[in-house]
There are 2 protein chains.
Amino acid sequence: MDSSDTKSFSAEMLREFCARVFMYFGVSKSDATQAADVLGAADLRGIDSHGVARMTSYIDLLSKGLINPKPQIKLLRSTPSTATVDGDNGLGLVVGPHANQMAIELAEKAGSGWVSVMNTNHYGIAGYYVLKAASCDMIGWAMTNTSPIVAPLWGMERMLGTNPIAVAFPGKNEPPIVIDMATCTAAYGKIEMALRKGEKIPEGWAMDNQGHVTVDPADVIAGGALLPLGSDRERGGHKGYGLAIMVDLLTGALSGANWGPFAPSFAVHQVPPARSVGKGIGHFFGAMRIDGFIEADAFKSQVDDYIRVFRAAKPAPGTSGPLIPGDPEREAEQIRRDGGVPLILPVIEELRSISRRTGVPFD
Amino acid sequence: MDSSDTKSFSAEMLREFCARVFMYFGVSKSDATQAADVLGAADLRGIDSHGVARMTSYIDLLSKGLINPKPQIKLLRSTPSTATVDGDNGLGLVVGPHANQMAIELAEKAGSGWVSVMNTNHYGIAGYYVLKAASCDMIGWAMTNTSPIVAPLWGMERMLGTNPIAVAFPGKNEPPIVIDMATCTAAYGKIEMALRKGEKIPEGWAMDNQGHVTVDPADVIAGGALLPLGSDRERGGHKGYGLAIMVDLLTGALSGANWGPFAPSFAVHQVPPARSVGKGIGHFFGAMRIDGFIEADAFKSQVDDYIRVFRAAKPAPGTSGPLIPGDPEREAEQIRRDGGVPLILPVIEELRSISRRTGVPFD
């Protein structure tokens with residue numbers, strides 16, 4: 001992105017702004033601070049699509065009464081290492097951290113903790129959650145289902161969300177390894193970006209609304225669908241499809257939330273799903289105490305060794321060699337912590353509009 | 001495959017043969033029966049590469065003293081929901097079922113059970129394990145690392161195994177959904193098959209030993225490598241690479257087994273790894289009681305609904321519509337349970353040779 005098209009803001013200032021806006025819409029101070037912290041983590045880590053750029057969507061839903069600003073989060077069921085939570089239709093940015101913390105607390109006592117969440121909404125970046133567990137010497141897991149935009153392999157309808165999976169493993173002197181990936185080939189945001197720039201998309205990302213592979217981003221917007229990781233049968237598209245189902249069942253069916261084509265949309269102006277098979281969307285969090293398996297220090301030293309071995313691998317031609325999952329986000333964070341978060345002008349305009357509407361000052 | 005090139009044998013007969021061969025090499029009757037049961041499941045479910053076709057490899061390792069026929073499987077560490085097991089260098093076909101059963105038993109009491117296994121060997125098909133948990137109204141998980149054949153994204157060396165992930169979800173009236181997938185694009189067996197047939201392989205499966213994408217299977221055999229699921233950066237190859245690392249850390253580093261380029265080979269004639277960073281290869285098993293989250297019956301009804309909704313999806317052009325993960329293996333099992341397991345002549349010859357060597361009768 002051309003830096004002349006962006007302006008940088010301190011992450012602290014953006015967090016403060018978001019928190020105050022959430023409070024304007026009836027969210028308690030502690031919940032608002034928590035929600036803003038998740039959004040701020042996305043902006044800091046360079047995942048621009050999941051940070052302040054989403055404020056308009058969140059407050060649209062809050063202001064229309066479609067998200068509950070004061071959820072009473074309820075424990076529906078539990079065993080020593082598992083639990084199900086009803087998010088009471090709260091912000092996923094509030095319900096998610098609460099349930100993730102429950103998973104960590106279950107793990108402290110039982111060795112591992114697994115929490116399935118129903119009746120919730122978009123929870124921001126999955127990486128936020130798993131890093132919390134990693135900082136407690138645990139292996140963290142986070143998944144969520146999302147509204148349908150991905151076709152099943154050999155299907156031609158939007159039936160699955162981008163259904164991300166995140167897992168984090170702490171290192172000792174090296175940073176944690178953080179896997180954080182949607183189970184489709186490419187993010188929807190990349191389709192929109194290609195459309196804006198008038199560019200084609202690579203073959204393997206998407207199909208048009210007749211089920212044919214397309215390289216025209218406009219075809220995707222016009223009722224096409226993204227393809228699961230692997231793209232087609234020959235290249236393992238059945239595997240990405242299987243992973244998307246796994247996430248959907250753990251987050252949706254296991255908690256009592258909606259799943260598949262029936263997961264409600266994040267945007268107020270979208271057509272509602274044909275059926276309701278549960279409440280809201282679903283999340284799934286996990287935490288495993290490393291010392292439930294092996295000395296935590298020994299494991300973390302192995303992670304360090306792992307990172308160094310893979311960093312030292314012979315680079316493929318034209319590349320600088322393998323990255324470690326989590327590298328790009330950590331590098332963005334190092335830059336943005338000091339240099340601020342660069343926002344594009346349309347996002348700045350949206351935030352100014354929110355500022356005018358709520359009276360919360362912005363820049 | 002031309003049916004004239006195969007001959008069918010009853011699964012029961014093959015299992016009996018394998019069990020007696022394992023006993024000839026010093027494996028106890030109950031362990032030999034267990035090991036043969038895992039191999040038999042692969043043959044029944046149509047995963048021919050993982051069944052009796054592997055007997056020669058197993059007995060090579062047993063006869064050279066490289067696998068311990070009488071392992072004393074030891075619990076190294078545990079919490080209410082986690083455990084680590086030392087497989088004492090036994091057959092993975094014996095150690096795996098033992099550890100998987102431990103995961104199920106932990107889950108019975110604590111809601112979930114997670115068992116990491118070190119000092120073990122190839123465990124057969126991952127699907128075998130997760131179906132056991134599913135039959136107990138649990139969600140089953142199984143992973144294993146394997147000897148290196150896959151390149152990390154942007155690397156040009158064999159540094160990761162095919163590192164499969166399996167997860168199963170039981171249905172009520174419908175069969176279970178069984179996800180069972182290697183984290184690379186295509187199996188090594190498909191490369192060998194293409195070479196035998198003189199065919200090219202699709203772009204996206206593999207690189208040659210200079211790190212260039214190749215469609216010639218001979219390049220892969222000659223020191224090339226398979227590509228992670230997603231194939232390249234543009235199509236999400238970093239995601240398959242991330243999943244392979246996840247499996248490697250859960251099975252290898254977490255248990256105290258070898259990982260990455262240091263995982264020992266399944267075949268006696270291969271060059272041993274450069275370093276040892278643990279013992280043997282590693283597995284990871286999980287079981288989660290469904291009623292630790294939601295009524296088991298309600299969940300299984302949702303799985304039925306899920307299956308029906310996805311089966312009814314509009315088919316993409318030229319296809320018969322989406323499959324449900326586990327369909328192909330279940331259909332193979334239905335056919336082979338009555339019609340027998342078709343073996344190709346080279347495999348039959350190997351089994352006859354084993355028969356001559358051990359005195360265990362074969363056909």
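Worth a mention:
- Residues of region B:233-247 classified as surrounded by fewer than 24 Cβ atoms within 10 Å (Cβ to Cβ) and not in a helix (DSSP H, G or I), total: 2
- Selection of region B:248-272 for residues being outside any loop (DSSP other than H, G, I, E, B), at the interface with chain A (Cβ under 10 Å from one of its Cβ atoms) and either farther than 30 Å from residue A:288 by Cβ or not aromatic (Phe, Trp, Tyr) (or both) yields B:248, B:249, B:250, B:252, B:253, B:260, B:261.
- Residues within region A:310-341 that are free of Cβ contacts under 8 Å to residues at least 40 places away in the same chain and touching a helix residue (DSSP H, G or I) at 6+ places or on another chain (Cβ under 6 Å), tallied: 1
- Checking B:221, B:191 one by one, the residue that is loosely packed, with under 15 Cβ neighbours inside 10 Å and touching a helix residue (DSSP H, G or I) at 6+ places or on another chain (Cβ under 8 Å) is B:221 and no other.
- Where residue B:230 falls short, out of the listed (1) more than 7 Å from chain A (Cβ to nearest Cβ); (2) within 21 Å of residue A:324 (Cα to Cα); (3) outside any helix (DSSP H, G or I); (4) not hydrophobic (A, V, I, L, M, F, W, C): (1)
- Total residues in region A:320-355 satisfying the condition of being open to solvent by 40 Å² or more (accessible area, probe 1.4 Å) and within 14 Å of chain B (Cβ to nearest Cβ): the figure is 4.
- Qualifying residue in region B:101-124 (condition: over 25 Å from residue B:333 (Cβ atoms), open to solvent by 10 Å² or more (accessible area, probe 1.4 Å), among the aliphatic types (A, V, I, L, M) and more than 14 Å from chain A (Cβ to nearest Cβ)): no
- Among the residues of region A:204-222, those identified as more than 8 Å from chain B (Cβ to nearest Cβ) and touching a residue at least 24 places away in the same chain (Cβ under 8 Å) are A:209, A:217, A:220, A:221.
- Flag for residue B:179 being within 9 Å of chain A (Cβ to nearest Cβ), under 14 Å from the mean Cα position of the chain (by Cα) and in a strand (DSSP E or B): yes
- Selection within region A:125-175 - open to solvent by 10 Å² or more (accessible area, probe 1.4 Å), within 14 Å of the chain's Cα centre (by Cα) and more than 30 Å from residue A:307 (Cα to Cα): A:146, A:147
- Selection count, region B:278-306, where residues are open to solvent by less than 30 Å² (accessible area, probe 1.4 Å) and either more than 10 Å from chain A (Cβ to nearest Cβ) or within 20 Å of the chain's Cα centre (by Cα) (or both): 10
- Given (1) basic (Lys, Arg); (2) modelled with pLDDT of 95 or more; (3) outside any helix (DSSP H, G or I); (4) surrounded by fewer than 16 Cβ atoms within 10 Å (Cβ to Cβ), index of the condition residue A:275 fails: (2)
The values are calculated or read from the model by the stated rules, or taken from the named source; none is laboratory data. What you see is a predicted model, and the numbers here were worked out from it, not measured in a lab. A quick note on method: Cβ atoms are made from the backbone with ideal geometry, for glycine too, and the neighbour counts reach across all protein chains shown. Surface areas here come from the heavy atoms of the whole protein model, side chains and all, with no ligands, DNA or RNA. Shrake-Rupley method; radii C 1.70, N 1.55, O 1.52, S 1.80 Å.
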